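A.B. asks: I'd like to ask some things about the structure below.
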Amino acid sequence: MAEARRKRKRKQQSEYFFDYSLLFIVLFLLGFGLIMIYSASSYEAYDTYGDAAYYMKKQLIANIIGLVFMIIIANIPYTFWERFATLGYVVSMVLIFLVLTPLGISSHGARRWIGIPHTGFNLQPAEVAKLCMILFLASLVCKMGKSVRTMKGFFIMMAAPLPIAACVYLITDNLSSAIIIMGIAILMVFVASPDYKKFIIMGLSVIAAAALLVFLVVQMGDKIEGFRLARIQAWLNPESQAQDKGFQTLQALYAIGSGGIWGKGLGQSMQKLSFLPEAQNDMIFSIICEELGLFGAVAIILMFIMLLWRMMVIANNAPDLFGAMLVVGVMGHIAIQAILNIAVVTNSIPNTGISLPFISYGGSSALFLLSEIGLVLSVARRIQLKEL
C-alpha cells in the first residue's frame, strides 16, 4: 500500500504545467502582426522594392527564427541562464559600443543597429540589453535576498541598470528603450519589495519633473532648441507643426478618427498610401484603428491584457524567486512597451520611436521578445500541476 502511494506521488510530481493559452496568444499576435504589416506596408514596399510583401516576408523570417529560439529556450531549465547574468550585462554593454564602429548602421537619422556580416541581418543592441537586464536583475534580486527591501538595496537595484540605460540613450540616441530598461528595473524592485512608500515618492517626483518640463517648454515658445523639446511642443499642439514634428502624429490621429467603430475594412487604409510615415513600424496601431476600427483596437488591447494575465499566473506559481522575477521582468517589458506605443500613437504622450510588441515590423524586436517568451514558458514548464 505504501509502495503504491509512493509511485502515485512520483507520478503526480512528474506532471508539469504547460501554458497553451500563453502560446496561443503569442502565435495569434504574431499572425495578426504579419497581416497588418502586409496591409500597412504593401503600397510602400511595391513602390520601393517592386514587391508588395517585402516587409512581411522579412518579418516572417524573423518570426520563424524567433520561434525556433523560443522553443529551444523553453526546453532548457531557466536556472541554466542565471550563471550568464553578469556576462549578459557585459555583452550588452559591448554591443552598444559596437554601434560606434564601422559595424554600426544608420537609418532614419539614428545610428542604432549593428550589421551582422554576410547575413543581411541588423541587430539592435537595445533589444539585447532589455533581455540581459531582465536576467541580471532577476539574479541580483536572488543574491541580495531580504536586503533588497532596504533603502541601500533599493538604490543598488536602481543603480544597476543606469549604465546600460545611459549608454542606450547617449550612444544610440534611443530614449524610449532607455525608459523601458529603467521601467523594467522599477517594476522588478516594486514586486520584490513590499514597501511602496518610496515608489509613491518616486512616481510623484517624476510627474512633478515632467509637469515642470512641459511648463518650461510652453514658456519658451518659439525660442525652443533641441528636437526632443520640439516634440513636446508638437505634442501639446500638433497643428502648429503640421509640416514638421507634428506631421506623423496628425496623420496617425486622422487614421484613428476615420476608422470609427468598425473600421474601413482590412486593406482599405488611406493613410498608409505615403501619408503616414513608418506605418508598418511605430504607427501600426493607427492603421489597425483605421482598418478595423475601435473594435479591432480594443480586441488587440484585450489580447495583451490576457497575455499579461497568463504571465502573472505563471509568476505567482513559479518554483522559485529567480523564475518569478524572470517572468515579472518579461511582463514589465511587454506591458511598458505596449502602453508607450499606444500612448504615442494616440498622442497621449510626446512622440518617441517605439514598436508595438509582436505586431510592429522589426526583426530584432521579434527575435528577443520571442526569446523572452521562451524563458516564461521554461518557468511555466517547471510548475508542478499539483501546485496550481
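A.B. asks: Kirkwood hydrodynamic radius for the stretch 217-368: how many Å is it when counted over pairs of different Cα atoms?
C.D. replies: Here the Kirkwood hydrodynamic radius works out to 16.9 Å.
A.B. asks: On each of the three principal axes of the Cα atoms of the stretch 313-388, give max minus min coordinate, whole Å, ordered largest first.
C.D. replies: The Cα atoms of the stretch 313-388 stretch 46, 25, 17 Å along the principal axes, largest first.
A.B. asks: So what's Rg/Rh here for the stretch 94-202, counting alpha carbon atoms and using the Kirkwood radius for Rh?
C.D. replies: Taking Rg over the Kirkwood Rh, I get 1.07.
A.B. asks: Can you give me the C-alpha center-to-center distance between the stretch 137-153 and the stretch 247-297, rounded to a whole angstrom?
C.D. replies: 44 Å
A.B. asks: Right, here's the next one. Can you give the Rg to Rh ratio of the chain, both from alpha-carbon atoms, with Rh computed by the Kirkwood formula?
C.D. replies: Using Cα coordinates only, the ratio equals 0.99.
A.B. asks: Multiply the residue separation of D47 and L212 by 0.36 nm, subtract the distance between their alpha-carbon atoms, and state the gained length in nm to one decimal.
C.D. replies: Contour length minus the Cα-Cα distance gives 54.9 nm.
A.B. asks: Okay, next question. Which value, in debye to the nearest 20, describes the size of the charge dipole of the stretch 125-279 about its Cα centre when Lys and Arg Cβ atoms bear +1, Asp and Glu Cβ atoms bear -1, and nothing else is charged?
C.D. replies: Computed charge dipole of the stretch 125-279: roughly 660 debye.
A.B. asks: Whole number in Å², please: accessible area per residue of the chain, 1.4 Å probe, ligands, DNA and RNA not counted.
C.D. replies: 48 Å²
A.B. asks: Eigenvalues of the Cα gyration tensor times 5, then square-rooted: what semi-axes does that give for the stretch 67-158, in whole angstrom, largest first?
C.D. replies: Gyration-tensor ellipsoid for the stretch 67-158: 30, 19, 10 Å.
A.B. asks: Short version: ³J(HN,Hα) in whole Hz for each residue of the stretch 195-207, in order, from phi by Karplus 6.51 cos²θ - 1.76 cosθ + 1.60 (θ = phi - 60°), x for Gly and Pro, what are they?
C.D. replies: Taking θ as phi minus 60°, the curve returns 8, 9, 4, 5, 6, 5, 4, 4, x, 5, 5, 5, 4 Hz for the stretch 195-207.
A.B. asks: Considering the zone a paramagnetic label at L100 would reach in this model (a point 7 Å from Cα along the Cα-to-Cβ line), which residues of the stretch 158-176 have amide N under 19 Å from it?
C.D. replies: 162-175
A.B. asks: Ranked from highest to lowest mean number of other Cβ atoms within 10 Å per residue, what is the order of the peptides 125-131, 50-56, 377-383?
C.D. replies: 125-131, 377-383, 50-56
A.B. asks: Any idea what the relative contact order of the chain is, in percent, if you count C-alpha pairs under 8 Å spaced at least 6 apart?
C.D. replies: Once normalised by length, the contact order is 28 percent.
A.B. asks: Can you check what the net charge comes to around G257, using other residues whose Cβ is under 12 Å from the Cβ of G257 (Lys, Arg +1; Asp, Glu -1)?
C.D. replies: Every neighbour counted, the sum reads 0.
A.B. asks: Among W235, A338, M151, flag the residue with its Cα farthest along the positive direction of the charge dipole of the chain, charges on Cβ as +1 for Lys/Arg and -1 for Asp/Glu.
C.D. replies: Comparing the listed Cα positions along the dipole, M151 ranks first.
A.B. asks: What's the carbon and sulfur percent of the chain's accessible surface, probe 1.4 angstrom, rounded to a whole number?
C.D. replies: That share works out to 68 percent.
A.B. asks: Using helices alone, I'd like the mean residue ellipticity at 222 nm for the chain: each DSSP H run of four-plus residues gives -39500 (n - 2.57), total over residue count, nearest 500.
C.D. replies: Value at 222 nm, helices only, nearest 500: -22500 deg cm²/dmol.
A.B. asks: Modelling each spin label as a point 7 Å along the Cα-to-Cβ direction, I'd like the K143/S21 distance in nm, to one decimal.
C.D. replies: About 3.6 nm, to one decimal.
A.B. asks: Using the structure shown, list the pairs from K146/K198; K57/K245; K245/K272; K57/K264; K146/K197 with a Cα-Cα distance above 27 Å, or answer none.
C.D. replies: Those over the limit are K57/K245.
A.B. asks: Sticking with this one: For the stretch 11-117, what is the convex hull volume of the alpha-carbon atoms per residue, in Å³?
C.D. replies: Dividing the Cα hull volume of the stretch 11-117 by its residue count gives 151 Å³.
A.B. asks: First select every other residue whose beta carbon is under 15 angstrom from the beta carbon of L292; then total the charges, Lys and Arg +1, Asp and Glu -1.
C.D. replies: Net charge in that neighbourhood comes out at 0.
The values are calculated or read from the model by the stated rules, or taken from the named source; none is laboratory data. Remember, it's a predicted structure, so these values are computed and weren't measured experimentally. For neighbour counting, all protein chains shown are included, and Cβ atoms are generated from backbone atoms with ideal geometry for every residue, glycine included. Protein only, heavy atoms only, side chains kept; ligands, DNA and RNA dropped before computing areas. Shrake-Rupley method; radii C 1.70, N 1.55, O 1.52, S 1.80 Å.
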